[in-house]
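The values are calculated or read from the model by the stated rules, or taken from the named source; none is laboratory data. Since the structure is predicted, the reported quantities are computational estimates derived from the model, not experimental observations. Cβ placement follows ideal geometry from the backbone for every residue including glycine, while neighbour counts extend to all protein chains displayed. For accessibility, only protein heavy atoms count, side chains too; no ligands or nucleic acids. Shrake-Rupley method; radii C 1.70, N 1.55, O 1.52, S 1.80 Å.
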Amino acid sequence: MPPRQRLSPADRRAQLLATAARLFAARPYDEVLMEDVAEQAGVSRALLYRHFPSKRDLFAALYREAAGQLLAKTRFDPADTLVEQLVEGLDAHIEYFAENRNTVLAANRVLAGDRLIQTIIADELDALRERLLGVLPLTDDATRAAVSGVLKSWLVFVQVLCVDWLTEKTCTRTELRDVCVGAVVGALRPLLAEDPAPEWPH
(Lines give C-alpha, C1' and ligand atoms only; values in the text may rest on other atoms or scores of the structure.)
Protein backbone atom coordinates (compact mmCIF):
# COMPACT_ATOMS: atom_id res chain seq x y z
CA MET A 1 0.00 0.00 0.00
CA PRO A 2 1.38 3.46 -0.92
CA PRO A 3 2.15 5.78 2.00
CA ARG A 4 -0.98 7.55 3.18
CA GLN A 5 -1.26 11.27 2.49
CA ARG A 6 -3.20 13.86 4.46
CA LEU A 7 -5.80 15.38 2.15
CA SER A 8 -8.88 17.54 2.56
CA PRO A 9 -12.20 15.65 2.24
CA ALA A 10 -12.73 17.09 -1.25
CA ASP A 11 -9.22 16.18 -2.39
CA ARG A 12 -9.54 12.72 -0.87
CA ARG A 13 -12.81 12.14 -2.68
CA ALA A 14 -11.23 13.27 -5.95
CA GLN A 15 -8.27 10.94 -5.36
CA LEU A 16 -10.56 7.99 -4.66
CA LEU A 17 -12.60 8.69 -7.79
CA ALA A 18 -9.45 8.94 -9.91
CA THR A 19 -8.23 5.62 -8.52
CA ALA A 20 -11.63 4.02 -9.11
CA ALA A 21 -11.72 5.38 -12.66
CA ARG A 22 -8.46 3.61 -13.49
CA LEU A 23 -9.60 0.31 -11.97
CA PHE A 24 -13.08 0.30 -13.51
CA ALA A 25 -11.57 1.12 -16.91
CA ALA A 26 -9.01 -1.68 -16.61
CA ARG A 27 -11.28 -4.46 -15.31
CA PRO A 28 -14.87 -5.68 -15.65
CA TYR A 29 -17.19 -4.29 -12.96
CA ASP A 30 -17.49 -7.57 -11.05
CA GLU A 31 -13.71 -7.87 -10.76
CA VAL A 32 -13.21 -4.47 -9.10
CA LEU A 33 -13.25 -4.81 -5.31
CA MET A 34 -13.52 -1.99 -2.81
CA GLU A 35 -10.42 -3.44 -1.15
CA ASP A 36 -8.52 -2.94 -4.41
CA VAL A 37 -9.58 0.68 -4.61
CA ALA A 38 -8.52 1.33 -1.02
CA GLU A 39 -5.17 -0.36 -1.53
CA GLN A 40 -4.42 1.47 -4.77
CA ALA A 41 -5.40 4.79 -3.19
CA GLY A 42 -3.28 4.11 -0.09
CA VAL A 43 -6.18 4.41 2.35
CA SER A 44 -7.96 2.10 4.75
CA ARG A 45 -11.16 0.39 3.71
CA ALA A 46 -12.92 2.23 6.52
CA LEU A 47 -11.94 5.58 5.03
CA LEU A 48 -13.08 4.52 1.57
CA TYR A 49 -16.43 3.38 2.93
CA ARG A 50 -16.86 6.71 4.75
CA HIS A 51 -16.79 8.43 1.37
CA PHE A 52 -18.65 5.74 -0.60
CA PRO A 53 -20.85 3.27 1.31
CA SER A 54 -20.77 0.69 -1.50
CA LYS A 55 -19.15 -0.14 -4.82
CA ARG A 56 -22.33 0.92 -6.57
CA ASP A 57 -22.19 4.33 -4.87
CA LEU A 58 -18.55 4.71 -5.89
CA PHE A 59 -19.30 3.75 -9.47
CA ALA A 60 -22.31 6.10 -9.61
CA ALA A 61 -20.19 9.03 -8.41
CA LEU A 62 -17.54 8.16 -10.98
CA TYR A 63 -20.05 7.91 -13.83
CA ARG A 64 -21.77 11.15 -12.85
CA GLU A 65 -18.40 12.89 -12.93
CA ALA A 66 -17.60 11.37 -16.33
CA ALA A 67 -20.99 12.48 -17.71
CA GLY A 68 -20.32 16.01 -16.52
CA GLN A 69 -16.91 16.05 -18.17
CA LEU A 70 -18.36 14.80 -21.45
CA LEU A 71 -21.03 17.50 -21.35
CA ALA A 72 -18.31 20.09 -20.83
CA LYS A 73 -16.50 18.80 -23.94
CA THR A 74 -19.70 18.83 -26.00
CA ARG A 75 -20.20 22.47 -26.87
CA PHE A 76 -22.93 23.73 -29.15
CA ASP A 77 -22.15 27.08 -30.72
CA PRO A 78 -24.48 28.59 -33.34
CA ALA A 79 -21.37 30.10 -34.97
CA ASP A 80 -20.36 26.59 -36.08
CA THR A 81 -22.31 24.34 -38.42
CA LEU A 82 -24.50 21.61 -36.95
CA VAL A 83 -22.24 18.94 -38.44
CA GLU A 84 -19.12 20.49 -36.90
CA GLN A 85 -20.78 20.50 -33.50
CA LEU A 86 -22.07 16.95 -33.82
CA VAL A 87 -18.67 15.68 -34.95
CA GLU A 88 -16.92 17.33 -32.00
CA GLY A 89 -19.39 15.98 -29.45
CA LEU A 90 -19.50 12.48 -30.90
CA ASP A 91 -15.71 12.30 -31.14
CA ALA A 92 -15.43 13.18 -27.43
CA HIS A 93 -17.97 10.54 -26.44
CA ILE A 94 -16.57 7.80 -28.66
CA GLU A 95 -13.05 8.51 -27.40
CA TYR A 96 -14.21 8.19 -23.80
CA PHE A 97 -16.13 5.01 -24.61
CA ALA A 98 -13.12 3.44 -26.31
CA GLU A 99 -10.69 4.38 -23.52
CA ASN A 100 -13.10 3.30 -20.75
CA ARG A 101 -14.74 0.28 -22.35
CA ASN A 102 -15.27 -1.67 -19.13
CA THR A 103 -16.74 1.37 -17.36
CA VAL A 104 -19.21 2.04 -20.16
CA LEU A 105 -20.22 -1.62 -20.43
CA ALA A 106 -20.76 -1.72 -16.66
CA ALA A 107 -23.09 1.28 -16.78
CA ASN A 108 -25.03 0.13 -19.82
CA ARG A 109 -25.07 -3.63 -19.39
CA VAL A 110 -24.06 -4.87 -15.92
CA LEU A 111 -25.99 -2.07 -14.17
CA ALA A 112 -28.69 -1.67 -16.81
CA GLY A 113 -31.38 -2.23 -14.17
CA ASP A 114 -29.92 0.17 -11.63
CA ARG A 115 -32.17 3.22 -11.35
CA LEU A 116 -29.45 5.60 -10.15
CA ILE A 117 -27.02 4.72 -12.94
CA GLN A 118 -29.73 4.95 -15.58
CA THR A 119 -30.84 8.33 -14.20
CA ILE A 120 -27.28 9.64 -14.64
CA ILE A 121 -27.29 8.44 -18.26
CA ALA A 122 -30.77 9.84 -18.92
CA ASP A 123 -29.86 13.21 -17.40
CA GLU A 124 -26.85 13.53 -19.71
CA LEU A 125 -28.93 12.60 -22.77
CA ASP A 126 -31.59 15.15 -21.77
CA ALA A 127 -28.94 17.84 -21.37
CA LEU A 128 -27.53 17.05 -24.80
CA ARG A 129 -31.02 17.18 -26.32
CA GLU A 130 -31.69 20.60 -24.79
CA ARG A 131 -28.38 21.93 -26.13
CA LEU A 132 -29.16 20.68 -29.61
CA LEU A 133 -32.62 22.23 -29.49
CA GLY A 134 -30.95 25.51 -28.61
CA VAL A 135 -28.93 25.66 -31.84
CA LEU A 136 -31.43 24.29 -34.36
CA PRO A 137 -33.65 26.61 -36.45
CA LEU A 138 -37.00 25.91 -34.78
CA THR A 139 -39.81 28.14 -36.02
CA ASP A 140 -42.67 27.19 -33.68
CA ASP A 141 -43.67 25.02 -30.72
CA ALA A 142 -44.97 22.19 -32.92
CA THR A 143 -41.65 21.94 -34.73
CA ARG A 144 -39.78 22.05 -31.43
CA ALA A 145 -41.88 19.19 -30.05
CA ALA A 146 -41.36 17.07 -33.16
CA VAL A 147 -37.60 17.71 -33.24
CA SER A 148 -37.30 17.07 -29.51
CA GLY A 149 -38.90 13.65 -29.95
CA VAL A 150 -36.55 12.80 -32.82
CA LEU A 151 -33.49 13.89 -30.83
CA LYS A 152 -34.56 11.85 -27.81
CA SER A 153 -34.81 8.70 -29.94
CA TRP A 154 -31.60 9.49 -31.81
CA LEU A 155 -29.58 9.88 -28.60
CA VAL A 156 -30.78 6.47 -27.42
CA PHE A 157 -29.86 5.05 -30.84
CA VAL A 158 -26.35 6.51 -30.52
CA GLN A 159 -25.99 5.12 -27.01
CA VAL A 160 -27.02 1.59 -28.04
CA LEU A 161 -24.95 1.66 -31.22
CA CYS A 162 -21.80 2.82 -29.42
CA VAL A 163 -22.18 0.26 -26.62
CA ASP A 164 -22.66 -2.51 -29.20
CA TRP A 165 -19.56 -1.21 -31.03
CA LEU A 166 -17.53 -1.67 -27.85
CA THR A 167 -18.52 -5.33 -27.83
CA GLU A 168 -17.83 -5.94 -31.51
CA LYS A 169 -16.05 -3.28 -33.56
CA THR A 170 -17.71 -3.83 -36.93
CA CYS A 171 -16.58 -0.43 -38.24
CA THR A 172 -14.00 2.27 -37.57
CA ARG A 173 -14.49 5.15 -35.12
CA THR A 174 -14.93 7.56 -38.02
CA GLU A 175 -17.53 5.34 -39.65
CA LEU A 176 -19.36 4.98 -36.35
CA ARG A 177 -19.42 8.74 -35.89
CA ASP A 178 -20.55 9.39 -39.46
CA VAL A 179 -23.39 6.86 -39.14
CA CYS A 180 -24.60 8.76 -36.07
CA VAL A 181 -24.32 12.16 -37.80
CA GLY A 182 -26.06 10.90 -40.93
CA ALA A 183 -28.89 9.37 -38.91
CA VAL A 184 -29.82 12.61 -37.15
CA VAL A 185 -29.35 14.83 -40.20
CA GLY A 186 -31.62 12.57 -42.24
CA ALA A 187 -34.20 12.44 -39.46
CA LEU A 188 -34.29 16.22 -38.98
CA ARG A 189 -34.47 17.31 -42.63
CA PRO A 190 -38.20 16.54 -43.13
CA LEU A 191 -39.09 18.54 -40.00
CA LEU A 192 -37.20 21.79 -40.60
CA ALA A 193 -37.93 24.59 -43.02
CA GLU A 194 -34.25 24.92 -43.87
CA ASP A 195 -31.70 22.15 -44.32
CA PRO A 196 -29.86 21.80 -40.96
CA ALA A 197 -26.73 20.47 -42.71
CA PRO A 198 -26.54 21.54 -46.37
CA GLU A 199 -22.91 20.41 -46.52
CA TRP A 200 -23.88 16.83 -45.53
CA PRO A 201 -24.69 14.60 -48.54
CA HIS A 202 -28.30 13.60 -49.16
Self-check item: Extent along principal axes [Cα atoms of the chain; Å; largest to smallest]
Solution: 62, 35, 30
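Run the helix sum for the chain: -39,500 (n - 2.57) per DSSP H stretch of 4+ residues, divided by residue count, reported at 222 nm to the nearest 500 deg cm²/dmol. Spell out each step's value before the answer.
Working: 9 runs with 139 residues, N = 202.
It lands at -22500 deg cm²/dmol.
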Quiz item: List the lysines whose alpha-carbon lies under 24 Å from that of K152, not counting same-chain residues fewer than 8 positions away?
Solution: K73
Quiz item: From the phi of every residue in region 65-82, what ³J(HN,Hα) in whole Hz does the Karplus formula 6.51 cos²θ - 1.76 cosθ + 1.60 yield, where θ is phi - 60° and glycine or proline is x?
Solution: 5, 5, 4, x, 5, 5, 4, 5, 7, 9, 9, 10, 10, x, 6, 9, 6, 4
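Of the trypsin sites (Lys or Arg not before Pro) in region 1-87, which ones lie in a loop per DSSP and count no more than 10 other C-beta atoms within 10 Å?
Details: sites: R4, R6, R12, R13, R22, R45, R50, K55, R56, R64, K73, R75; in loops: R4, R6, R75.
In loop regions of region 1-87 (DSSP not H, G, I, E or B), the sparsely surrounded trypsin sites (Lys or Arg not before Pro) are R6.
If DNA, RNA and ligands are ignored and the probe is 1.4 Å, what is the ranking of S148, S44 by accessible area, most exposed first?
Working: S148 20, S44 45 Å².
Largest to smallest exposure gives the sequence S44, S148.
With every protein chain left in place, what is the accessible area per residue of region 88-174 in square angstrom, probe 1.4 Å? Could you put the intermediate results ahead of the total?
Details: 4310 Å² over 87 residues.
Using a 1.4 Å probe on heavy atoms only, each residue of region 88-174 averages 50 Å².
How large a share of the accessible area of region 124-171, in percent, is made up of carbon and sulfur atoms when the probe is 1.4 Å and the other protein chains stay in place? Walk me through the numbers before you get to the answer.
Numbers: 1350 of 2450 Å².
Roughly 55 percent of what the probe reaches on region 124-171 is carbon or sulfur.
Rounded to the nearest percent, how much of the accessible area of region 60-112 (1.4 Å probe, protein heavy atoms only) is carbon and sulfur? Write out the running numbers ahead of the final one.
Numbers: 1160 of 2290 Å².
After summing per-atom areas, the C and S share lands at 50 percent.
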Quiz item: Give me the log10 of I(q) over I(0) for region 60-149 at q = 0.11, 0.15, 0.17, 0.23 Å⁻¹, as the Debye formula computes it from C-alpha points; what are the numbers?
Solution: -0.37, -0.65, -0.80, -1.16
